[in-house]
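Q: Here you go, one structure.
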């Protein structure tokens, strides 16, 4: 497989298959990995490669009333997940991976550990969610105590920290805020451990709430993060602060939200002037 075959395949993806730019890039990266790490060679110079242009899309956001309508259709733990996701601008994976020690009620902040790009950051802990979250954590503590009485109470630790701090994996602080309903084998230690809840549980409950709220937009749980940023921007929060809360590396990534909520307050459609 040489230059001609690789170009033919990647151009086929762009032309006949009409895949996205990221799919073509993934295929190219896979071929580069094959040559570099398996064949111990270099990928040929692809002079005739037709790269697909990336489509710069504007994220879908919900209005404040739409967010309120969806939340009103949710109950219990999944509603708490949704409120933290929207109130702190979290990704779904970040919400699921929260641990008890990451919640600071005094400072009213959430610490997000090992987020995208393996970076830590802090974001907002909404005041309105504190009572429900505290009540939820009491139940988490009770579940953890029950696990300990049965000789378990372990939780998976990142970066092999369980070797450095053997007792930490049984401490309440390291337990997940949203623990799984079942115990699973922790292969590193052969203990039964309690992972975090499945993101699919949250996605399913959110989708059902969207349908009941009669929201016609194509939205998912990640839309709550987009809405968080858009609503902050509309409220006058500066773009740098929003960048920090979202954990974006580049300000250009955050600037996409200026296209979602442009300031049209002092602009009227020419059709309105005709009808006047």
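Q: With the checklist (1) out of contact with any strand residue (DSSP E or B) (no Cβ under 8 Å at 6 or more places or on another chain); (2) touching a residue at least 60 places away in the same chain (Cβ under 8 Å) in hand, flag the one item residue 99 doesn't pass.
A: The one condition residue 99 does not meet is (1).
Q: Please go through region 119-129 and pick out each residue that is within 21 Å of the chain's Cα centre (by Cα) and in contact (Cβ under 8 Å) with a residue 12 or more places away in the chain.
A: Those that are within 21 Å of the chain's Cα centre (by Cα) and in contact (Cβ under 8 Å) with a residue 12 or more places away in the chain: 119, 121, 122, 123, 124, 125, 126, 129.
Q: Is it the case, given these coordinates, that residue 33 is surrounded by fewer than 16 Cβ atoms within 10 Å (Cβ to Cβ), part of a helix (DSSP H, G or I) and within 32 Å of the chain's Cα centre (by Cα)?
A: It is true that residue 33 is surrounded by fewer than 16 Cβ atoms within 10 Å (Cβ to Cβ), part of a helix (DSSP H, G or I) and within 32 Å of the chain's Cα centre (by Cα).
Condition check ((1) assigned by TED's automatic domain parsing to the domain that holds residue 71; (2) modelled with pLDDT of 95 or more; (3) touching a strand residue (DSSP E or B) at 6+ places or on another chain (Cβ under 6 Å); (4) surrounded by 19 or more Cβ atoms within 10 Å (Cβ to Cβ)) across all residues:
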{"site": "158", "(1), (2), (3), (4)": "yes, no, no, no"}
{"site": "162", "(1), (2), (3), (4)": "yes, no, no, yes"}
{"site": "187", "(1), (2), (3), (4)": "yes, no, no, no"}
{"site": "211", "(1), (2), (3), (4)": "yes, yes, no, no"}
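Q: Are any of the residues in region 189-208 surrounded by fewer than 15 Cβ atoms within 10 Å (Cβ to Cβ), more than 23 Å from the chain's Cα centre (by Cα), over 24 Å from residue 86 (Cβ atoms) and in the same structural domain as residue 75 (by TED's automatic domain parsing)?
A: yes
Q: Quick one: which helices (runs of 4 or more DSSP H) sit completely within region 178-276 and have at least 2 residues that are more than 30 Å from residue 73 (Cβ to Cβ)?
A: On the way: elements: 199-212, 221-234, 239-246, 251-255, 257-260, 270-275.
By residue number, 239-246, 251-255, 270-275.
Q: Condition first: surrounded by fewer than 16 Cβ atoms within 10 Å (Cβ to Cβ) and not in a helix (DSSP H, G or I). Now tell me which residues in region 125-140 satisfy that.
A: Listed by number, the list holds a single entry, 126.
Q: Specify which of the listed residues (91, 51, 113) is under 28 Å from residue 250 (Cβ atoms) and not assigned by TED's automatic domain parsing to the domain that holds residue 232.
A: 51
Q: I've got another one for you. For residue 156, all conditions in the list (1) in a helix (DSSP H, G or I); (2) closer than 20 Å to residue 194 by Cα hold save one; what is the number of the exception?
A: Condition not satisfied by residue 156: (1).
Q: If we keep just the residues of region 56-80 that are within 16 Å of the chain's Cα centre (by Cα) and under 12 Å from residue 222 (Cα atoms), which is surrounded by the fewest Cβ atoms within 10 Å (Cβ to Cβ)?
A: Restricting to residues being within 16 Å of the chain's Cα centre (by Cα) and under 12 Å from residue 222 (Cα atoms), the top hit is 60.
The values are calculated or read from the model by the stated rules, or taken from the named source; none is laboratory data. Computed from a predicted structure; not experimentally measured. Backbone-built Cβ (ideal geometry, glycine too); neighbour counts: all protein chains shown.
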